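Engineer: The structure that follows is given in the form of structure tokens.
The values are calculated or read from the model by the stated rules, or taken from the named source; none is laboratory data. Quantities reported herein were computed from a predicted structural model and do not represent experimental measurements. Because the Cβ atoms are built from the backbone with ideal geometry, glycine has one as well, and the counts that use them run over all protein chains shown. For the accessible areas, the whole protein counts, side chains as well, though only heavy atoms, and no ligand, DNA or RNA atoms are used. Shrake-Rupley method; radii C 1.70, N 1.55, O 1.52, S 1.80 Å.
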Amino acid sequence: MIYLDNNATTPLHPKVKEKIIDFLDNYGNPSSLYETGREVKQMVEDARQKIADFLNCDPDEIIFTAGGSEANNTVIKGVASCCTFCNVSNTHIITSAIEHPSVMNTLKCLEKQNVEVTYLPVDEYGLVNSKDVRDAIRKETVLITIMYANNEIGTIQPIEEITKIANENNIPIHTDAVQAIGKIPVDLKKTSIDYLSLSGHKIYGPKGIGVLFRRKGTKSLCPLISGGHQESSMRAGTENTIGIVGIGEAIKQLNLEMNSEVKKIKYLRDKLESGLKKNISNISVNGQTEKRLPGVLNVSFNDIEGESILLRLDMHGIAVSTGSACSSGSLDPSYVITALGVPAEQAHSSIRFSLGRENTEEDIDKTIIAVEETVDFLRKISAI
Amino acid sequence: MSGTNWNYSDKVKEHFFNPKNVLKVSEEEYNADGVGENGSPVCGDLMRIYIKVKDNKIYDMRWKTFGCASAIGSTSMLSVMVTENGGMELEEAMKIKPDDIIKELGGLPPNKIHCSVLGDKALRAAIKDYYRNFDQVNKINKEKESRIVCHCLNVTEDEIKMEVLEGVKDFDTLQKRTKVSTACGKCEPEVRELLDKYVKKYYIKDIYTGE
Ligand SMILES: Cc1ncc(COP(=O)(O)O)c(C=O)c1O
Ligand code: FES
């Protein structure tokens, strides 16, 4: 199989797999004081340290969660409910129109509880204008949450500029960096982002484990899951020790490989992009081409529909995803693609290729040929 | 961008991967007796059907489709149903309903139904076009219309059912899409009842196999 859906999830790094297998017999509860507990506690703290080293922050600032969605929920609901309890009326949050559903739907839920949300528009490349952020700020604004890089089109937001604006106005800033980590260097000593989310399974680690970075000194959050004292009482529940050991190792590997992998992945993506453009007429790239994640290519193959393309590529053993309505179970095409001002019919034709560390030059050559054949076949039977 | 609901039957896959009766030559060269179209690219599906008629039977049907796997698979299936055994009589073909195609296909995921609905509508349009082209306009409009539920906005029970099959599950969305019950409002209780009935009917199972 040629796997080109690394933004959906990634295969385990072989070193991560090895680490997890070696760990599996360590059943101790990290909260137990006797030896088996202490041993596991130590391994959890080792993983925390590796992540802190990679992000250049303090281990105390790392909170393990059950994934990227939970990290996003923790910040957004945490900030909002603290404000509700403190009786702050007219709570207001600023975000963008192309956030991941784990941010979007969380905010939609808060809107029902009378939190006001500003969804900033993006330009044709998917970029948020930092001036719009400044203009949207009110005295009731309690959080700015803008993703670092978009999952569907790969556009990288001007997070530094936005952070500066947030800092100047004394408003907490959160970024969903699930897609950015491992692809863009993030140094938390050089920026003053307050909260950052990341996820294990997008960085060759296990699923169901994520991290919320919470800068020391930021306002306290109401925990999403309350209970025991785990994760400094920010996330109760006996730790997902297998996931934590796994994500720790995944981060360690990123530290070693990231620079060379990113170069290779970008080279392959560019090769795919130029190959498709050269061999197939009437296609358009969705999103930014400059400020874009190295492995992402989102293309509309006009006049044919995304799900059909996806399934025919599947027949060739190639895995991709689409922004067409047909695959989402809803009636509308991707809100991310349409937010760029791309017409609906073109959004239905969109395919996302997202490359990863396992892809080879041969994969790309084969993909270009298979896509060409698929597009040609479907265009011949298309009514447009 | 979540994963595809890949609950297609083998029949759908067969017709999607090897579609039958696609129009391969130009429209001029094929020179159909009747042509019908349905759908819109904005919604993600558009199909055009071409028929040739002899002795009141459709002896050849060709098609072109922009759409997802079930749109392509169901149009291909329809073309086989209509032309097998020497061709279907026009009156029979006029009566084909989405359920008939779905049954032949061995079922479809509920949210995919609207794709195949287009096939029968496009076929009816092609037959009407044939009637017009060959001086038999009197045969048009003999089809039985579905019962009208909302008289102000002219919404039928069939339409409500189709909306549900397209994924509508609540009254507000149904109203937004069809404008049902937005005038006198008298029909609202019945509309809600029908909505409830079809939601219950189609969303307990993963695959809809026709009635
Ligand atoms: C941008 C972004 N945020 C959040 C998530 C959710 O992460 P998880 O699957 O770990 O909950 C994803 C992954 O789908 C993502 O791409
Ligand atoms: S009958 Fe439906 S609004 Fe009047």
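Engineer: Output the relative contact order of chain A, whole-number percent, from Cα pairs under 8 angstrom with separation of 6+ residues.
Structural biologist: With pairs under 8 Å counted, the relative contact order is 22 percent.
Engineer: Counting only DSSP beta bridges with both residues in the protein assembly as shown, what percent are antiparallel, rounded to the nearest 5?
Structural biologist: Of all bridge pairs located within the protein assembly as shown, approximately 70 percent are antiparallel.
Engineer: Could you give the DSSP H helices of chain A that reach 18 angstrom or more along their long axis (alpha carbon positions) and whose average Kyte-Doolittle hydropathy is no lower than -0.5?
Structural biologist: In chain A, the long hydrophobic H runs are A:68-85, A:241-279, A:361-381.
Engineer: In nm, to one decimal, how far is the B:Glu89 label point from the A:Met315 one, both placed 7 Å along Cα→Cβ?
Structural biologist: 3.7 nm
Engineer: Could you give the distance between the Cα centres of segment A:236-293 and segment B:144-204, to the whole Å?
Structural biologist: Spelled out, the Cα-based centre of one part sits 45 Å from the other.
Engineer: Can you tell me the order of A:60-68, A:14-22 when each peptide is scored by its average per-residue count of other Cβ atoms within 10 angstrom, highest first?
Structural biologist: Final packing ranking: A:60-68, A:14-22.
Engineer: Modelling each spin label as a point 7 Å along the Cα-to-Cβ direction, I'd like the A:Tyr34/A:Asn90 distance in nm, to one decimal.
Structural biologist: 5.9 nm
Engineer: Using alpha carbons only, how many angstrom separate the centre of segment B:10-62 from the centre of segment A:121-197?
Structural biologist: A separation of 50 Å, based on Cα centres.
Engineer: Separate question: Accessible area per residue of the protein assembly as shown at 1.4 Å probe, in Å²?
Structural biologist: 43 Å²
Engineer: Return, for the Cα atoms of chain A, the radius of gyration and Dmax in Å, separated by a comma.
Structural biologist: 21.4, 70
Engineer: Suppose a student asked you for the relative contact order of segment A:134-288, using Cα pairs under 8 Å spaced at least 6 residues apart; what percent would you report?
Structural biologist: Relative contact order for segment A:134-288 comes out at 17 percent.
Engineer: Further question on the same structure: Report the residues of segment A:285-318 in range of a label on B:Lys13: point 7 Å along Cα→C-beta, backbone N strictly under 15 Å from it.
Structural biologist: Residues A:311-318 fall inside that zone.
Engineer: Can you sort A:Glu290, A:Glu124 by 1.4 Å-probe accessible area, starting with the largest?
Structural biologist: Ranked from most to least accessible, the order is A:Glu290, A:Glu124.
Engineer: Across the residues of B:33-41, average count of Cβ atoms on other protein chains within 10 Å?
Structural biologist: Taking all residues of B:33-41 together, the mean is 2.
Engineer: Now, a different point. In chain B, which helices (entire DSSP H runs) extend 15 Å or more along their own long axis, judged by Cα positions, while averaging at least 0.5 on the Kyte-Doolittle scale?
Structural biologist: In chain B, the long hydrophobic H runs are B:69-83.
Engineer: So for segment B:9-136, averaging the separation of alpha carbon pairs under 8 Å that are six or more residues apart and normalising by length, what relative contact order in percent results?
Structural biologist: 33 percent
Engineer: Rounded to the nearest 100 Å², what's the accessible area chains B and A bury against each other, both chains counted, probe 1.4 Å?
Structural biologist: In total, this chain pair buries about 2500 Å².
Engineer: Right, another one. Classify segment B:43-187 as rounded, prolate or oblate from the Cα gyration tensor: take a ≥ b ≥ c as the square roots of its eigenvalues, call it rounded if a/c is under 1.5, otherwise prolate when a/b beats b/c and oblate if not.
Structural biologist: Oblate shape, in that a/c is at least 1.5 and b/c is the bigger or equal ratio.
Engineer: Follow-up question, since we're still on this one. Give me the accessible area of B:Glu92, 1.4 Å probe, in Å² rounded to the nearest 10.
Structural biologist: Per-residue accessible area (B:Glu92): approximately 100 Å².
Engineer: Once you charge only the Cβ atoms, +1 for Lys and Arg and -1 for Asp and Glu, what is the size of the charge dipole of segment A:14-253 about its Cα centre, to the nearest 20 debye?
Structural biologist: Around 180 debye, computed over segment A:14-253.
Engineer: Right, something else. Could you order B:Lys103, B:Lys201 so the one with the most accessible surface comes first? Probe is 1.4 Å.
Structural biologist: I get B:Lys103, B:Lys201, largest accessible area first.
Engineer: Hey, if we sort A:Thr95, A:Thr289 by accessible area with the 1.4 Å probe, largest down, what's the order?
Structural biologist: Of A:Thr95, A:Thr289, the descending order of accessible area is A:Thr289, A:Thr95.
Engineer: Can you send over the solvent-accessible area of A:Arg235, 1.4 Å probe, protein chains only, in Å² to the nearest 10?
Structural biologist: Here the accessible area works out near 50 Å².
Engineer: Further question on the same structure: Stretch A:Asn56-A:Lys207 to full length: gain in nm at 0.36 nm per residue minus the Cα-Cα span?
Structural biologist: Between A:Asn56 and A:Lys207, full extension yields an extra 52.0 nm.
Engineer: Another question about this same structure. Could you state the principal axis extents of the C-alpha atoms in segment A:1-146, from the largest down, to the nearest angstrom?
Structural biologist: 53, 47, 29
Engineer: Shifting gears a bit: Let me cross-check A:Lys266: its accessible surface, 1.4 Å probe, with only protein heavy atoms counted, in Å² to the nearest 10?
Structural biologist: Per-residue accessible area (A:Lys266): approximately 90 Å².
Engineer: Mind giving me the nanometre distance, one decimal, between the label points for A:Asn279 and A:Glu257, set 7 Å out from Cα along Cα→Cβ?
Structural biologist: Going by the 7 Å Cα→Cβ label model, 2.7 nm.
Engineer: Continuing with the same structure: Once neighbouring chains are kept in place and the probe is 1.4 Å, which whole percent of the accessible area of segment A:14-253 is contributed by carbon and sulfur?
Structural biologist: Carbon and sulfur together cover 50 percent of it.
Engineer: A further question follows. Where the convex hull is taken over the Cα atoms of segment A:275-330, what is its projected area averaged over directions, in nm²?
Structural biologist: Projected over every direction and averaged, the Cα hull of segment A:275-330 covers 4.8 nm².
Engineer: With viscosity set to 1.002 mPa s and temperature to 20 °C, compute the Stokes-Einstein D of segment A:257-384, Rh being the Kirkwood radius across alpha carbon pairs; µm²/s, no decimals.
Structural biologist: Result for D is 144 µm²/s.
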